[in-house]
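The next block holds one structure in the form of structure tokens; read it before the comments.
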């Protein structure tokens, strides 16, 4: 037996034609209504480089609406202003704090804290 060619077996290249459906069977009437999936990072994160996710392990901040096992989305680029909640470092430990009122600020003079980031969203499990 004489061999004239040798090498790998080549698969046939698929022939793609524009505007030709490759599906089999009855076409779905919903194909015109397809939408992209929701990417929560795209919706909830404004500044990717400065955003972090933190899972809460305790129930110390239930009065702020933050429960055990909630996920906090924290943006370190935002300013801590009235009405916002932030993650701060106080006495070497992380704490969640609501922006203090002027009366609370007077009491806090001795209690210094370092702003770690402003909480933009809290994700609860149902």
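Take the Cβ atoms of residue 39 and residue 103, set R0 to 41 Å, and the FRET efficiency comes out at 0.45. By other beta-carbon atoms within 10 Å, ranking 73, 56 with the fewest at the front produces 56, 73. Across the stretch 46-123, the relative contact order, built from alpha-carbon pairs under 8 Å that are at least six residues apart, equals 33 percent.
Normalised Debye scattering of the stretch 46-123 at q = 0.15, 0.17, 0.23 Å⁻¹ gives log10 I(q)/I(0) of -0.52, -0.66, -1.17, counting only Cα atoms as equal scatterers and leaving out solvent.
Read the figures in this text as sums done on the coordinates, not as results from a lab. Everything quoted here is computed from the prediction, not taken from an experiment. All Cβ positions, glycine included, derive from the backbone under ideal geometry; neighbour counts span all protein chains shown.
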